């Protein structure tokens, strides 16, 4: 079974994502922050992924300041434009 760690500070969004993952047959583990998520990562995890709206310069700046890089830009979540970010651990 695929196991997905959902990290989102907004509880209602985090719970909705986790529910949809479970309905798709995956195991979802939830964390409300990056700090809370780190102890949940298995040691073989080498990269993290995230998405940020191009309109949200504050979140994009914070993600880049913490080591995330933009990998691409595409439509997601019903047609909303998002940056796909990656961070090597």
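Bear in mind these aren't lab numbers, they're just calculated from the coordinates by the rules spelled out. Small disclaimer: the values here were computed from a predicted structure and weren't measured. All Cβ positions, glycine included, derive from the backbone under ideal geometry; neighbour counts span all protein chains shown.
Need one number: % antiparallel among DSSP beta bridges in region 6-89, to the nearest 5.
Working: 13 of 15 bridges.
Just about 85 percent of them are antiparallel.
Can you sort 51, 46 from fewest to most other Cβ atoms within 10 Å of each residue's own Cβ? Mind showing how you got there, number by number?
Details: 51 14, 46 9.
Fewest to most other Cβ atoms nearby, the residues stand as 46, 51.
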Taking the chain and dividing mean pair separation by its residue count, relative contact order in percent (alpha carbons under 8 Å, at least six apart) = 24
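For the chain, rounded, prolate or oblate, judged on the Cα gyration tensor with a ≥ b ≥ c (square roots of eigenvalues), a/c < 1.5 rounded, else prolate if a/b > b/c?
Numbers: a/c = 1.63, a/b = 1.19, b/c = 1.36.
It comes out oblate by the Cα gyration axes.
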message = If neighbour count is taken as other Cβ atoms inside 10 Å, put 48, 23, 41 in order from fewest to most.
response = 23, 41, 48
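Looking at region 20-67, what % of the alpha carbon pairs are farther apart than 14 Å?
Working: 747 of 1128 pairs.
Result for the distance tail: 66 percent.
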